[in-house]
Ligand SMILES: [Fe+2]
Ligand SMILES: [Fe+2]
């Protein structure tokens, strides 16, 4: 089902446009590799917490969270991503409840936190007040921690604060 959604020509068209927009980007990109890495991490973290349908929801959130950058690169890509997700997912029979959860997480995925705080949240199996806030936090953390700052060529000029950058131990700690 999800693979059919991700091969929809409208999804592929956005991926192609995003690749074109970012072809000369020196900072980390928002491409299929990024979506796959976010998916892997989000699926580990959400299933560890025992969240229902963790694999399915992780895959959809990860593959849609930045897709709206194709339409709104420097604007509000959370909104353009969730608007597009709402339309496409509805056509493929994803339930209204799931779409609301997915779109809420996408709409709240931006913003970085100190890596130490992210580890604290993970290591202590923290959950937020609501299911949707837990998903949003996990998506945000997966988005940030999936980046490989320690081998990034743009590390020295990146605007991320030092405490927000990932180190080489993150994978051992999470996977
Ligand atoms: Fe994003
Ligand atoms: Fe992202």
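Where a number appears in this text, it was derived from the coordinates with a stated rule and is not lab data. Since this is a predicted model, take the numbers as computed values, not measurements. Backbone-built Cβ (ideal geometry, glycine too); neighbour counts: all protein chains shown.
Points to keep in mind about this one:
- Residues 23, 137 arranged by fewest to most Cβ contacts within 10 Å: 23, 137
- Residue-averaged [θ]222 nm for the chain, counting only DSSP H segments that reach four residues, each worth -39500 (n - 2.57): -18000 deg cm²/dmol
- Gyration tensor verdict on segment 120-175 (Cα atoms; rounded if a/c is under 1.5, prolate if a/b is larger than b/c, oblate otherwise): prolate
- Over all directions, the projected convex hull of the C-alpha atoms in the chain averages 9.6 nm² in area.
- Ascending count of other beta-carbon atoms within 10 Å, so fewest first, for 159, 56, 14: 159, 56, 14
- Cα-based equivalent ellipsoid, segment 1-80: semi-axes from gyration tensor eigenvalues, Å: 24, 14, 11
- Global form of segment 81-131, assessed from the alpha-carbon gyration tensor, a/c cut-off 1.5: prolate
- Among 160, 135, a tally of other beta-carbon atoms within 10 Å of each Cβ gives an order, fewest to most, of 160, 135.
- Distance cut-off 15 Å, percentage of C-alpha pairs in segment 33-107 lying past it: 53
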